[in-house]
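Below is one structure, written out as structure tokens; comments come after it.
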Amino acid sequence: MMSKGELTSVSVGVVIPAAGQGKRMGTKESKQFLLFHQKPIFLHTIDVFEGHPEVDEIVVVVRETEIERTQRLIKEQGLKKVSNIVAGGRERQESVFMGLKVLTTDFVLVHDAVRPFVTQGAITRLIKEIQAHDAAILAVPMKDTVKKVDGESCVMGTLERKQLWSVQTPQGFRRELLMEAHIQAEKEDHFATDDSALVENLGMSVRVVDGEYTNIKITTPEDLIFAEAIYQMKG
């Protein structure tokens, strides 16, 4: 692992899993392909990384039936950093693994296709942290009080809010480390809700980098209302 004073020029790639169906959105169209200000949400997301000077390569993972459509949309948009569009698996974890297999960079950021409001500044902070510490995630402190509840809907206790953070993407890693984590998870038939949990499963430390509350994930119809407000706020 490099120390903070030994940062060198390295390559950074992005895996964007976009193979989900998005059942919570309640639409026939997959959420990542829903139009938002005249183009699919996932293209807004790719635009952010396309424009970041430290990002060298982008891999998009979609359902096999959506590969041709995705290729056409990316070509029409003129996105130059997208190096591969590959078929994903049944679960997000499998899709990320598929993307990792074709990525060639030293470091990797894994980012939800439907988080189009991540900022250049947040990406820069994350890249700096993973170059120094190998694994890091964007997160924000939780605003609400959180209760632990049992199966009978009774409160078991109140969790200490100062220790609770809401995790976002991108999550960043040295690529070889994340590959190792996915290979180990596959051997153990272990599934996690995010990539950092797979790295934690190796016994590795994961750093937290300040995210932004506007970096929302668009998964429900209500989220589209929030997305419009954020879009207008950002001008």
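Could you calculate the contour length gain from E68 to E222, that is, 0.36 nm times the residue separation minus the distance between their Cα atoms, to one decimal place in nm? Write down the numbers at each step before the final one.
Working: separation 154, 0.36 × 154 = 55.44 nm, distance 3.00 nm.
Result for the pair: 52.4 nm of gain on full extension.
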Separation of the V167 and C154 label points, Cα + 7 Å toward Cβ, nm
3.1
HN-Hα J in Hz across the range 204-220 - Karplus 6.51, -1.76, 1.60, θ = phi - 60°, x for Gly and Pro:
8, 7, 10, 7, 10, 10, 4, x, 9, 5, 7, 7, 7, 9, 8, 10, 10
Could you work out how much longer the chain between E200 and Q120 gets when fully extended? Use 0.36 nm per residue separation minus the Cα distance between them, nm to one decimal.
26.2 nm
Surrounding charge for K81, neighbours by C-beta under 12 angstrom, Lys/Arg +1, Asp/Glu -1, total -4
Give me, ordered by chain and number, the residues 5 or more places off G89 or on other chains with an amide H under 5 Å from its own placed amide H.
S95
Determine the relative contact order of the range 116-221: mean sequence separation of Cα pairs under 8 Å and six or more apart, normalised by residue count, in whole percent.
38
Mean separation of Cα contacts under 8 Å, 6 or more apart, over the residue count of the chain: relative contact order %:
23
So the FRET efficiency between E76 and T193, C-beta based with R0 = 35 Å and rounded to 0.05, is 0.55
Under 11 Å from the Cβ of T193, count the other residues' Cβ atoms, weight Lys and Arg +1, Asp and Glu -1, and hand me the total.
-2
Suppose each label sits 7 Å from its Cα in the direction of the beta carbon; what would the Y213-L35 distance come out to in nanometres?
3.2
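Go ahead and run the numbers for FRET between A87 and E180, Cβ-Cβ distance against an R0 of 22 Å, rounding to 0.05.
Efficiency for this residue pair is about 0.45.
For the range 77-130, which GluC sites (Glu not before Pro) pass both filters: DSSP loop (anything but H, G, I, E, B) and at most 16 other C-beta atoms within 10 Å? Intermediate results must be reported in sequence, preceding the final value.
Working: sites: E91, E94, E129; in loops: E91.
Sites meeting the loop and neighbour criteria: E91.
Read-outs throughout are calculated quantities, based only on the coordinates presented, and are distinct from any laboratory measurement. These numbers come from a predicted model, not from an experiment. Ideal geometry is used to build each Cβ from the backbone, glycine not excepted, and the neighbour counts take in all protein chains shown.
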